[in-house]
Structure formats: structure tokens, C-alpha cells
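The values are calculated or read from the model by the stated rules, or taken from the named source; none is laboratory data. Predicted model only: the values in this text are computed from it and were never measured. Neighbour counts run over all protein chains shown; Cβ positions are idealised from the backbone, glycine included.
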Amino acid sequence: MVTYAKHPIPLEGVLSVPMDVREPNSIKKVLYSLKPDVTVYLGGSEDPAWVEANPKLADRIFAAGPGDVLHATEIAGGRFLYVSTSNVFDGTKGNYEESDNISPTTLLGKLKASGETLVRGRSNSASVLRLSSLVGSAHPWRPSSFDRLRFALESETKTELRDDEYHSWCSVSSAVEAIEDLIEKAPKNSLFHFGGLTRLTPLEMGRIFARSLGYSEETIAKTLAPKKRVMQKGMIILPEGEKFDFSLNSSALVRAIGTKPVSIEYVVRREFEFKD
């Protein structure tokens, strides 16, 4: 079973059920009736611009909604996993481990951190998985940044990408496998990180994406526009030329349950190459 907000998710053999995490009664109706063994909380868009433009809705989805879903899940007798993000860190260190203190400086990071705190504070069995930036194709109603990049490469349209942040990019398929492993093998109340093996900026990632799929890199350029950051209290300004680093260290997850990151070139081919 999967849930959706506005558009059903067509998966063969899977029941797709509407659920609005803004409405506690909607949450109870779905979870009490279907009694899922595991609930994985993936609600909300992680586009920082969307979060800044919709702060009240984002607060409900990221910070308050998980508490309602967690409560209903445990009453129904299931396990709960909250999927978080590397944005709970400030980006000044990189290669973050689970023992590092969270220090979000963006609204997205702060709301995700609030969701983590709520979940782990209310339950001694709920778990949290922090994911790095994802590489993969998305729902047709909301294409991913890599879907849009591929469209641009196919039409030879110029694309500008940022070069001021590092991320340990991982594939959607690898993230799903990590979630499955956590459900099956990890102890309750666990906290893990999962990211790829390579630290890359969006510009570097875009060029590898193009090369891996046989497209020309000539249409991909470094954006000259300053990064739009809504200044929050405690916002860090790095010296000119230095880059933020939101990469995650996945060693604890590898040691605990054997989930292994893979090379970024393999990630791209696995997610996007068409098969005969």
C-alpha cells in the first residue's frame, strides 16, 4: 500500500490510497482501517524555495504532521520511519556522521529537524533516516530536477547549475533499498545517514549525468547568479570561493545492516538508461 496527496501513484500490484497529512481525521481513517506494518513518512516537497514560499504549510507537513502519523501508526500496531535530510546541518563541515550536532540554518532544515525531534521524543521505537540529495526520475506530475535536465540535454537547451554546495548524491533506487534494509534489519529507535560515495556540486553532478548518458556537456554552464538564501538567524556566510558541504557519511549504516553506496556513474545509468 502507498499513500498520495493529489495524484495516485500507479504501481502494479500496489494499492494507492489518498491521505492528507494536514487532516488528523484523514490520517486516522487510513491507518486505523489498513493497519500497515510500517509507515515511512515522505510527506512534502524538499525544494527550499517552496518551503520559504509556504512556511505555514511546510511547518504542518514537516514538523507537526509526523507526530499525528506516528501516533496513529503506533495505535494501529505498526513501525514508523521518518525520512529526513542533510539540510539539518549547516554545511560547514561535510562528511557528517550521526553523532554530529544538527545545526540547521535554512527553514527547510529547521522544520526537518523539528520533525526529527518530535518523532524521536515521542517514541522509543520510531527511526530516522537522513538522505543526501537524490538522483532519479520522478512522478510525471512533478518531474525531478534530473528529469528536467535530461529534457534540456535532449533539446540542447542551455542549463545553468550551481557550483557552491557539495552533496553526496545517491540514487532513488539505492535510497529505497536503504529504507527496506532499515525496516527489515535495523533496531528500533535507530538513526542513520545514507548518501553516495562521491562528493559533488550540482554543476559537477550535471556534467557526470550528461557524460554517463552520452549527451554533450557543452550546454551545461556554471550559473553566475548569486544563490538566493533567505537569511535566517544564525545563517553562516562562507568566505569568497569556499563551498558549503552537506555530504553524509554512510559508514554506520554499512556496518549495521550492510547497505552499500555505489558509484555515481552507476547511479545515473541505473536510474535513467532505457533498456530494450
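Scan region 109-128 for residues that are in contact with a Ser or Thr (Cβ under 9 Å, 6 or more places away or on another chain), among the aliphatic types (A, V, I, L, M) and surrounded by fewer than 23 Cβ atoms within 10 Å (Cβ to Cβ) and jot them down. Within region 109-128, Ala113, Val119 qualify. Just one of the numbered conditions (1) in contact (Cβ under 8 Å) with a residue 24 or more places away in the chain; (2) farther than 16 Å from Asn249 by Cβ is not true of Gly91: (2).
Only one entry in Ala63, Ala49 is over 18 Å from Ala113 (Cβ atoms), small (Gly, Ala, Ser) and either under 18 Å from the mean Cα position of the chain (by Cα) or surrounded by 15 or more Cβ atoms within 10 Å (Cβ to Cβ) (or both), namely Ala49. In the set (1) under 19 Å from Val88 (Cα atoms); (2) at pLDDT 90 or above, the condition left unmet by Val230 is number (2). Of all positions in region 21-40, at least one carries a residue that is of a type outside the set (A, V, I, L, M, F, W, C), surrounded by 16 or more Cβ atoms within 10 Å (Cβ to Cβ) and under 20 Å from Pro187 (Cα atoms). I need a count of the residues in region 233-254 that are part of a loop (DSSP other than H, G, I, E, B), in contact with an Asp or Glu (Cβ under 7 Å, 6 or more places away or on another chain), at pLDDT 75 or above and over 25 Å from Ala178 (Cα atoms). The qualifying residues number 1. Note on region 73-106: residues that are assigned to a helix (DSSP H, G or I) and surrounded by fewer than 20 Cβ atoms within 10 Å (Cβ to Cβ) total 2. Annotation: of all residues in region 142-165 being over 15 Å from the mean Cα position of the chain (by Cα) and among the hydroxyl-bearing types (Ser, Thr, Tyr), the one that is farthest from Ile220 (Cα to Cα) is Ser155. Considering only region 190-199, I want to know if a residue exists there that is under 22 Å from Asp37 (Cβ atoms) and out of contact with any helix residue (DSSP H, G or I) (no Cβ under 6 Å at 6 or more places or on another chain). Within region 190-199 (the criterion being under 22 Å from Asp37 (Cβ atoms) and out of contact with any helix residue (DSSP H, G or I) (no Cβ under 6 Å at 6 or more places or on another chain)), the answer is yes, since at least one residue qualifies. Scanning region 133-144 turns up one or more residues that are closer than 26 Å to Lys6 by Cβ, hydrophobic (A, V, I, L, M, F, W, C) and in a strand (DSSP E or B).
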